[in-house]
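Here the structure is laid out as structure tokens; the discussion comes afterwards.
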Amino acid sequence: PPPLPLPRVRFFAFADLGTHSADDSQQHWDAPASLNTTNAMLADLDAGAVEPGFMLHIGDISYAVGHASQWDQFHAQIEPIARRVPWMVGIGNHERDWPGSGSSRGVDDSGGECGVPYLLRFPMPVPAPASPVLPPPATPPLAGDTPWYSFNHGPVHVAMISTEHRPEDQLGWLTTDLAMVNRNATPWVVVAGHRPFYVSRLGWKTHGVYGEYMACTGWGQLETRARRSCAHLAAVPLKRFFIIIHLCR
């Protein structure tokens, strides 16, 4: 049957935000555009031009990379928005990656944070380690270090993956999660992750083209398997299935 009539939902989707002080004071990693972005989103909220259902911040959150005070500044910057609208996040290389810590790339982009401040400051609805429905990762590198999750908001189902962890640790969870989607209730499906899925510039290959990594670990057939396992998915136009993989710095 066709999807039921559902209310409109709007949300902001972005990545690589960072922080910037209104007085232009110096900080470890300055991102002047971030203040313009949060000011613009707040102006939209105050003007009533848009009342988003949630914020979808897909990796590279504060760029604190080991400087705790920058996390505090970031929360102060987003607080006027986050106190009104759920701020949903995905982990990026500048929150997680560090040699020998279990990250898929093994680079030093997180400044040694290894995802700890991110996980403690942004508790997301991640699957329980021993969930009877959603399978746990094959070999989680750190206790609790499974920052992939999903949620529904109105007619939208969002599945947030981690491009900083091995795809094979998330494949079982994501396949099961998508198979459980009721396309009558949530006809729009978004799969989001931080790193680029495909890029056209060879210079970005060093940053990790996640599509190639995923294809080599069994993700290439994920959409086909999800469509076959979900009774409603085959009848829904492909335009309602989105993959948001962000181009990281």
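Just so you know, all these numbers are worked out from the coordinates, no wet-lab data involved. As the structure is a computational prediction, the values presented were derived from the model and not from experiment. Here Cβ is always computed from backbone atoms with ideal geometry, including for glycine, and neighbour counts include all displayed protein chains.
Of note:
- Rounded to the nearest 20 debye, the dipole size of the stretch 2-99 about its Cα centre is 480 debye, using +1 on the Cβ of Lys and Arg and -1 on the Cβ of Asp and Glu.
- Added length on full extension, which subtracts the Cα-Cα distance from 0.36 nm per residue, N152 to T176: 7.1 nm
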